[in-house]
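Notes to accompany the following structure.
The values are calculated or read from the model by the stated rules, or taken from the named source; none is laboratory data. Note that the coordinates shown come from a computational prediction; the quantities given were computed from them, not determined experimentally. Cβ: placed from backbone, ideal geometry, glycine included. Neighbour counts: every protein chain shown. Keep in mind that these areas ignore ligands, DNA and RNA; they rest on the heavy atoms of the full protein, side chains included. Shrake-Rupley method; radii C 1.70, N 1.55, O 1.52, S 1.80 Å.
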Amino acid sequence: MVTVTIDGHEVQVAEGVNLVEAARAAGVEIPTYCYHPGLRVVGQCRVCFVEVEGMPRLVTACSTPVKDGMVVNTASDRVREARQAVLEFLLANHPLDCPVCDQAGECYLQDYSVEFGTDSTHMVDDRRRFPGRERNELGPHVIQNQNRCIHCTRCIRFTQEISETWDLTMKSRGNHAYIGTFDGEPLDNPWSACVADVCPVGALTVKEFRFRARVWHLDETPSVCPGCSVGCTIDIGHLEGIVHRFTPRENPEINGWWMCDFGRFLAEDLNGRDFEVPRLRGERGLQDTGWQEAMAALTELAEVGSPLRVVASANATNEALYLAKRLFLDRPGAEVVVPVHRGEEHRVKNAQRQWVAGADEHPNSTGARLMGFTTVDTEGLEAFLRGGRGPILILDGGAHPWLLSQEAARAVTGQKVAVAARKASPLTGAAYLVLPLASWIETEGTLTSSTGRVQLARRGLFPRGQAKPAWEILALAGRQLGVEVPTPLTPRTFFEAMAAEVPPFAAMTWRRLATEPGIPVLEEVAHVG
Amino acid sequence: MSLARTQPLTIAPPEELLEVSFDDGMEEIIEEHLRHYPTRQAALLPVLWLCQERWGWLSAGVLRAVARRLELAPAFVEGVVTFYTMYQTAPPGKYLLQVCTTLSCALCGASGLLERLKEKLGIDPGETTPDGRFTLLGVQCLGACGEAPVIQVNNDYYTDMTTEKLDQLLDELP
Amino acid sequence: MTAGGAMKPILLRARGEDKSRSISTYLRMGGYGALKKALIMDPAGVRKEVKDSGLRGRGGAGFPTGVKWGFVPQDLPKPKYLICNADESEPGTFKDRAIIHTDPHMLIEGIIISSYAIDAHVAYIYIRGEFWEEARILEKAIAEARRKGYLGTNILRTGFDLEIHVHRGAGAYICGEETALIESIEGKRGQPRLKPPFPAVVGVFGCPTVVNNVETLACVPHIIEHGAAWFAAIGRNERNSGPKLYGISGHVRRPGVYELPMGVTFRELIYEHAGGIREGHELKAFIPGGSSCPVLPADFVDIPADFDSVAEAGSMFGSGGLIVMDDSVDMVWALENLMTFYSHESCGQCTPCREGSDWALDILRRIRRGYGRPEDLETLERISRYASQGMTICPLGDAFCGPISSFLKHFRNEFEDYIAKAKPLPPRTTPVLPVRSGRGRFGI
């Protein structure tokens, strides 16, 4: 550790970090464009100038490592004037089209111009334009407006250093240089939308999100990507009950600053809902009903005598799975499996630039295994469903893609099935009881990633209609079945009960999870499955 | 006395350069270049020169072949090619008339040469005559300021130019 | 040696010789004798000799060559490289081309001795792409030297190995900057690197690298042959020693390359050697050492043309490429011409240079079209203040800011005259991308 003084604040930082990070540690923000903590330092944008005592010239904070005893001034007149000049240069050719720019509100050109720039420009000449590259579909997910580009090359470096796909390059040179792909081929790699995340301005924007909401209206809920077992840390952006986007949130151990397109574009799926109230099969088929009736029907089903077969879910939170364990795994009279779909391998780089690969397409298969559940693949699941005449409880109709198929409905023909689901499928059509299940953003709880880290996904929206999250359904069912369920009925209560009871989660607290980017499960069990 | 000493460039038509491969002669030269450097990437500029000498310009197909040969990303190769002004990414004329327009040449009458060529050829800088014979370019300092004004035709410098010498040169080019 | 009088040529001694480029001519004139002498010295001895000679880099910066060589770490288990910078592209500079045309073996011998001095076994000559003929001359000379045993393995049976490869650029002034040049050799866009680390420690392929100009390297055989003291005695003061190639272009009667002792005055250069200003005109201004050096008005013509005297006058000696302008020159036009060059040659990676060079050009074009505004001169000064002095990664920022500030300082009245006669700004037209003069599909 070395000690540096930044604007009068003394701070201890690790050797080798640059002045941007040291200043951040001291609570001082130094504006940056080309600098990104996950990418190679290039020192190109020149906005991060600071004054270091003993150095005759201003230095770029991004390319200057700390030295013990360094005294740094980020607020002197020299620094202020240099920043103003650089910002004026950056804006000299910028179209200033913020009112129609979708980046407005999360644009560093706006923010730093307000904070560190001047309120006017000396520029009266025609601004640079790139006809044909003003609304250019760079790839399936990214739209380019080259007029706004500030040549920071973050996007290029992302494709070189993180995705390693090398799709983007700077073409031409000087003031006319522009970002492009080889021969205009589409920018199509598994992480392509990250180039819009790293773009500090509105030059690259995500096609799926463009013009859906002004970001200052958007609510951002800290969550975890539901796409695979990597469990990328994300924010879910939503407005007035509609989910508009997923964006990666910094998590050095799991996803760095990145996420894959597969996970990112699951966002839209959260807006679909077919069931808002429980539905119970009566004489005239499935009929809307109330939760009380529904829970009574569920209890009846569970107490019918022959063993209850339960399909739990690797998409459910640790708390829901913990309750499922208490209700079904720890008591006689039920058989439980967790279906796991391997799917395609999704991977992402962490902050150390190591690949973190998913084991399957579930956000909590690791949690399910740690809780002691048996996992099954498609065949195992089908055999499980066909392997008896007793009632079946499916905790999530979308727990496995096969459950959405016609075969799944055929496999349960003639059996009484209760299924919690958000969307209609052949299976819900064949069910005896359908419980409206809360969506990912309507649920709060913890998840265990394949790297063995437990993270907290917050609830951003109240469940639509009368939908309930799985943990609540299970807690209510537990009461009906006479299982002791800790109160009050909140995810936190169940988490703390789980932490006290299930060893891998020992010593974890909700409070820590709420402030830290994931806590590793105990080492010896981190690599189960 | 004859002035012209420049041979026309061979310009491959775009349809021949959609997909290219390197013949044995080119391969031999590429291998030689690769021996000069500890990395493959370092041979990029020489290999691009080789291709341009062979085909007259660098199509996307040529860039793809170069990228494959040197194990580089095509986008990276295109970024390099477009950084440098001498690599042609569209088919030029048989004669690249490159008029130096920077200060020393400009002080000595370069603009007269450029005007003369525009008038004679009926094209502006950056354009090619319809017969595909000449491409006119105004270029930056050619580094022969003591013999200004200077015109480079393909690889050859023509120094101490006058409009008369220019007329003679155009007449003499094969 | 008399003031202004021609000295016995050293670097251009072969000028006028029959077949001056051939190795037989070079050998006849005593060529490769210095190499034989150097190879029986130890490398440290060669380095000391060059350091003691006071040789300063002839590429423009004037950094002492021996000191630069001294930065190469001797104990690093990595190969070391020598690069000869033949990317001569600074407007007004054409001396290296003269050396290559006249006496390529002098350069080759200088490269071999210098490589020996820094323990390099591979040397590259990075030559600008336009110098096609010069690249062929060098390749031929290298082949000749190889056949005679001056290159290859076990040179002159001393156990020293060296290969020299010619690497052609492809049209980019910025590649004359040593780290851009290194990037270009590595097969990348020629964009200067952040420093530190400096090339002497981390250069081409991550290895210690020395980049020296053609003329600098051509001096080395003479230093070895005649000794540091002999070299230091040439020139009119001790910090500016050796012979110098002065390139004189523009409005003089006899433009060309002249070899003179460092420290000759500009008056001697212009009026005695280059034959004076063309008929009916008078000297108005001169750019002392390549277009990046601040312009000086005629009153400065009596200062000595060496690194320190020109710096004192507020300009730079640069590469010794003198551009002479007579009283017919519109200085606003001249600055616009230079800014066209710099905005075309800015690599575009860092903000002040990319935006500033083009912005300044736009302003100058507008002033010349008759739409200047009084505030424009302040804006130009503001640009020149904030795109120089370490605000940019490489010296290209300073290279275009020096002309802006010096033209405004010495010839402000001409700018003001334009502005006084100017019309109000025309209504904004739809902005379109200006088409640049350049090769190929430049821009978009």
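Would you mind stating whether C:Tyr126 is aromatic (Phe, Trp, Tyr) and under 28 Å from C:Ile23 (Cα atoms)?
So C:Tyr126 fits the description; yes.
Here is a yes/no grid of residues against (1) charged (D, E, K, R); (2) away from chain A (no Cβ under 14 Å); (3) within 25 Å of C:Gly176 (Cβ to Cβ):
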| residue | (1), (2), (3) |
| --- | --- |
| B:Gln41 | no, no, yes |
| B:Gln52 | no, yes, yes |
| B:Arg68 | yes, no, no |
| B:Val80 | no, no, yes |
| B:Phe83 | no, no, yes |
| B:Leu107 | no, yes, yes |
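Would you call A:Thr247 closer than 21 Å to A:Arg347 by Cβ and part of a strand (DSSP E or B)?
Answer is yes for this residue.
In segment B:137-174, how many are outside any loop (DSSP other than H, G, I, E, B), within 14 Å of chain C (Cβ to nearest Cβ), of a type in the set (D, E, K, R) and over 20 Å from the mean Cα position of the chain (by Cα)?
Selection size over segment B:137-174: 1.
Just to verify a result, which residue in segment A:44-60, among those that are surrounded by 24 or more Cβ atoms within 10 Å (Cβ to Cβ) and in a loop (DSSP other than H, G, I, E, B), is farthest from the other protein chains (Cβ to nearest Cβ)?
Step by step, filter segment A:44-60, then rank; the result is A:Cys48.
Within segment A:357-376, is there a residue that is in contact with a Phe, Trp or Tyr (Cβ under 8 Å, 6 or more places away or on another chain), in the same structural domain as A:Thr448 (by TED's automatic domain parsing) and in a loop (DSSP other than H, G, I, E, B)?
The answer is yes, given that some residue of segment A:357-376 is in contact with a Phe, Trp or Tyr (Cβ under 8 Å, 6 or more places away or on another chain), in the same structural domain as A:Thr448 (by TED's automatic domain parsing) and in a loop (DSSP other than H, G, I, E, B).
Tally time: how many residues in segment A:24-48 are without any contact (Cβ under 8 Å) to a residue 60 or more places away in the chain, within 30 Å of A:Ser163 (Cα to Cα) and in contact with a Ser or Thr (Cβ under 6 Å, 6 or more places away or on another chain)?
The number of residues fulfilling the criteria is 5.
Please work out if A:Leu381 is open to solvent by 30 Å² or more (accessible area, probe 1.4 Å), within 14 Å of A:His341 (Cβ to Cβ) and in the same structural domain as A:Leu280 (by TED's automatic domain parsing).
So A:Leu381 fails the test.
Looking at segment C:107-114, can you tell me whether even one residue there is more than 14 Å from chain B (Cβ to nearest Cβ) and more than 28 Å from C:Ser20 (Cβ to Cβ)?
Checking segment C:107-114: not a single residue is more than 14 Å from chain B (Cβ to nearest Cβ) and more than 28 Å from C:Ser20 (Cβ to Cβ).
Report, by residue number, each residue of segment A:397-409 that is of a type outside the set (S, T, N, Q) and either in contact with a Pro (Cβ under 8 Å, 6 or more places away or on another chain) or crowded, with 22+ Cβ neighbours inside 10 Å (or both).
A:Gly397, A:Ala399, A:His400, A:Trp402, A:Leu403, A:Leu404, A:Ala408, A:Ala409
Checking B:Pro92 against (1) assigned to a loop (DSSP other than H, G, I, E, B); (2) in contact with a strand residue (DSSP E or B) (Cβ under 6 Å, 6 or more places away or on another chain); (3) within 26 Å of C:Leu269 (Cα to Cα), which single condition isn't satisfied?
The single condition B:Pro92 does not satisfy is (3).
Go over the candidates C:Phe317, C:Phe300 one by one and state the one that is open to solvent by 10 Å² or more (accessible area, probe 1.4 Å), more than 14 Å from chain A (Cβ to nearest Cβ) and aromatic (Phe, Trp, Tyr).
C:Phe300
Go through (1) within 14 Å of another protein chain (Cβ to nearest Cβ); (2) open to solvent by 30 Å² or more (accessible area, probe 1.4 Å) one by one and return the number of the condition A:Glu106 breaks.
That leaves (1) as the condition not met.
Which pairs turn up if I take residues in segment A:90-103 that are open to solvent by 50 Å² or more (accessible area, probe 1.4 Å) and look for partners that are acidic (Asp, Glu) with beta carbon separation below 9 Å, at least 6 apart in sequence or on another chain?
Within 9 Å, no pair qualifies.
Every residue in segment B:21-54 that is among the hydroxyl-bearing types (Ser, Thr, Tyr) and open to solvent by 60 Å² or more (accessible area, probe 1.4 Å), please.
Scanning segment B:21-54 gives a single hit, B:Ser21.
Within segment C:226-238, track down each residue that is crowded, with 19+ Cβ neighbours inside 10 Å and either at pLDDT 95 or above or in contact with a helix residue (DSSP H, G or I) (Cβ under 9 Å, 6 or more places away or on another chain) (or both).
Across segment C:226-238, the qualifying residues are C:Ala228, C:Phe231.
So C:Ala285 clears everything in (1) among the small types (Gly, Ala, Ser); (2) within 19 Å of the chain's Cα centre (by Cα); (3) assigned to a strand (DSSP E or B) except one condition, right? Which one?
Result: C:Ala285 passes all but (2).
Looking at segment C:351-371 only, could you name the residues that are open to solvent by 10 Å² or more (accessible area, probe 1.4 Å) and more than 9 Å from chain A (Cβ to nearest Cβ)?
C:Arg368, C:Arg369, C:Gly370, C:Tyr371
Taking C:Glu178, is it more than 29 Å from C:Pro77 (Cα to Cα), more than 14 Å from chain B (Cβ to nearest Cβ) and in contact with a strand residue (DSSP E or B) (Cβ under 9 Å, 6 or more places away or on another chain)?
No.
When residues of segment A:367-378 are filtered for being touching a strand residue (DSSP E or B) at 6+ places or on another chain (Cβ under 7 Å) and open to solvent by 10 Å² or more (accessible area, probe 1.4 Å), how many remain?
The total comes to 6.
Can you tell me how many residues in segment C:272-285 are open to solvent by less than 50 Å² (accessible area, probe 1.4 Å) and in contact (Cβ under 8 Å) with a residue 40 or more places away in the chain?
6
Please enumerate the residues belonging to segment B:141-162 that are closer than 17 Å to B:Gly93 by Cβ and open to solvent by 10 Å² or more (accessible area, probe 1.4 Å).
B:Asn154, B:Asn155, B:Asp156 - these are the residues of segment B:141-162 that are closer than 17 Å to B:Gly93 by Cβ and open to solvent by 10 Å² or more (accessible area, probe 1.4 Å).
Pick from segment C:372-382 the residues that are more than 8 Å from every other protein chain (Cβ to nearest Cβ) and assigned to a helix (DSSP H, G or I): which of them is surrounded by the fewest Cβ atoms within 10 Å (Cβ to Cβ)?
C:Glu381
What number of residues within segment B:95-122 satisfy the criterion of being assigned to a loop (DSSP other than H, G, I, E, B) and under 18 Å from the mean Cα position of the chain (by Cα)?
Going through segment B:95-122 one residue at a time, the tally reaches 1.
Testing C:Glu130 on (1) within 30 Å of B:Gly138 (Cβ to Cβ); (2) part of a helix (DSSP H, G or I); (3) not small (Gly, Ala, Ser), one condition comes back false. Which one is that?
(2)
Name, by its number, the condition in (1) in contact (Cβ under 8 Å) with a residue 12 or more places away in the chain; (2) open to solvent by less than 20 Å² (accessible area, probe 1.4 Å); (3) within 14 Å of chain A (Cβ to nearest Cβ) that does not hold for B:Ala75.
The failed condition is (1).
I'm trying to understand the selection: among the residues of segment B:109-136, which are open to solvent by less than 20 Å² (accessible area, probe 1.4 Å), among the polar types (S, T, N, Q) and more than 10 Å from chain C (Cβ to nearest Cβ)?
Matches in segment B:109-136: B:Thr129 only.
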